[in-house]
Amino acid sequence: MRHRLLFRHLVPLLLILLPAAPLPAAPKKSAPPSVDALFESGAWKQTDGDFAGAEADFTEAIQLLPKNPSAYYNRGNARYKQGDLKGALADFSQALTLNPTYAEANNSRGAVRLDQGDLQGALADYSQAIKLNPKLVFAYNGRGVVRNDLRDLDGALDDLAKALELNPKYARAYNNRGTTWRLKGNLKAALADFTKALDLDPEFSDAFYNRGNTRRDLGDLDGALADYAKALELDPEYADAYYSRANVRRSRGDLDGALADYNQSTNLNPKFVGAYLSRGVCLAMQDKWGKAYRDFDSTLRVDGKQFYAALYRCVAQLRLGQSAEAKAELQKALDQRPDAKPGDWPSKIAAFLLGQIDEAALLTAADTADAATTPGQRCEATFFAGMVRLAAGQKPEAATFFRICLATEKKSFDEYMMAQAELARLEKK
């Protein structure tokens, strides 16, 4: 199974920052003087990062002026900054009820809906914001991210280009466009945009992280490691950056360094599925199958859809001499597999490990009419065949299969890396 960080794990695509809490509709002069003071105090507190204090000020202002849309808008921003998406959504919606032409409120509600995964709702809000204010740069940026997530990549590029036309120094728009270029496969354009974002904002941790991923994919592993290190310097709690750096370290044979980074990832995010799975593979490469088993099992506990973790867990149990337990747990995982398709490739691997089809049938199934798919499936098939042979004590046959696995050159596959480690141990002996 190949690592596809940007697609499999997840990691939020990009953080959409709301504009600083402006006061587009100041209280009327007839309002009590204390309301002016509450607006000013709330705005200053938002600027200073005291979002709870700002929320309290705007709540008091709402009590005094319950029909002022700006008070709801600003409280919505304060709630958003504190992670209260439900409260923020309610406030932005109320602001729009009171003032349907409030473009900034549409923009901010779009950001909330994007964070909630309501892509169509976010798209509608950003589009309405643009309709109301064709020069609202934040709305073009936000809609570009939504279109990116909807895989309307050309539409995303158009929106982000417009954002940059309106504000050529908008670092986040460059970062977002770089991510879209990555999805389109244009890594050089992506690299240029991430670098431009960093020229504009040298402390932009997300841009360092994204450029690191791009450099990694271009084969510049030293550059990737440097970018991940800078992202972590700026944000020591960046779990995804630890994870990506771990993958690069593992690919270069620095297994201890990789394990340290995977540990940081899971410490920061105990539900980081990819980190558990990849750490398990790393431990398997070190011949620490007991610990690898626990990580593969943890992967499944966090996300039962990760069926390759069930396959790897089975292999770990085979290496530990627990054949009966291995087959029982794999059969249970297969029966409970939520996205199973009869006869698909992972099911064929499971059938082989369960003894339901033989080695020849697995190897035949690996060859397909799709020239792009066959090498990867051969890599996986020969790895699992080699591991079954190894568990049976048939070391020469296992070594042969591992060599065939390595001949596929699928170096980004977990199976390739584990086969490489097993073969090295066999040849050393």
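Pairs only if they're at least six apart or on different chains, beta carbon under 6 angstrom, first in region 205-217 and β-branched (Val, Ile, Thr), second assigned to a helix (DSSP H, G or I) and surrounded by fewer than 24 Cβ atoms within 10 Å (Cβ to Cβ); list them, first residue then second.
Thr214/Leu187; Thr214/Leu191
Identify all residues within region 131-154 that are out of contact with any Phe, Trp or Tyr (no Cβ under 8 Å at 6 or more places or on another chain) and either under 17 Å from Asn210 (Cα atoms) or open to solvent by less than 10 Å² (accessible area, probe 1.4 Å) (or both); write none if there are none.
Gly144, Val145, Asn148, Asp149 - these are the residues of region 131-154 that are out of contact with any Phe, Trp or Tyr (no Cβ under 8 Å at 6 or more places or on another chain) and either under 17 Å from Asn210 (Cα atoms) or open to solvent by less than 10 Å² (accessible area, probe 1.4 Å) (or both).
Scan region 132-157 residue by residue and report those that are assigned to a helix (DSSP H, G or I) and either without any contact (Cβ under 8 Å) to a residue 24 or more places away in the chain or over 16 Å from Asn106 (Cβ atoms) (or both).
Arg147, Asn148, Asp149, Leu153, Asp154, Gly155, Ala156, Leu157
Counting just the residues of region 237-291 that are open to solvent by 40 Å² or more (accessible area, probe 1.4 Å) and of a type in the set (Asp, Glu), which one comes out farthest from the chain's Cα centre (by Cα)?
Asp287
Looking at (1) touching a residue at least 60 places away in the same chain (Cβ under 8 Å); (2) surrounded by fewer than 18 Cβ atoms within 10 Å (Cβ to Cβ); (3) among the polar types (S, T, N, Q), which is the one condition that is false for Ser127?
(1)
Mind checking which residues of region 28-87 are open to solvent by 40 Å² or more (accessible area, probe 1.4 Å), more than 22 Å from Ala103 (Cα to Cα) and of a type in the set (D, E, K, R)?
Of everything in region 28-87, those that are open to solvent by 40 Å² or more (accessible area, probe 1.4 Å), more than 22 Å from Ala103 (Cα to Cα) and of a type in the set (D, E, K, R) turn out to be Lys29, Asp36, Lys45, Asp48, Asp50, Glu60.
Considering only residues that are touching a Leu at 6+ places or on another chain (Cβ under 6 Å) and among the hydrophobic types (A, V, I, L, M, F, W, C), look in region 154-181 and name the one that is nearest to Thr195 (Cα to Cα).
Ala171
Just to be sure I understand the filter: pairs with C-beta atoms under 8 Å, separated by 6 or more residues or on different chains, first member in region 311-329 and closer than 17 Å to Leu390 by Cβ, second member open to solvent by 70 Å² or more (accessible area, probe 1.4 Å). Which pairs pass?
These pairs meet every condition: Cys314/Lys327; Gln317/Glu325.
Taking Lys67 as the residue in question, decide whether it is modelled with pLDDT under 95 and part of a loop (DSSP other than H, G, I, E, B).
Taking the combined requirement at face value, the residue does not satisfy it.
The values are calculated or read from the model by the stated rules, or taken from the named source; none is laboratory data. Keep in mind it's a predicted model, so treat the numbers as computed, not measured. Every residue, glycine among them, receives a Cβ derived from its backbone with ideal geometry; neighbour counts consider all protein chains shown. For accessibility, only protein heavy atoms count, side chains too; no ligands or nucleic acids. Shrake-Rupley method; radii C 1.70, N 1.55, O 1.52, S 1.80 Å.
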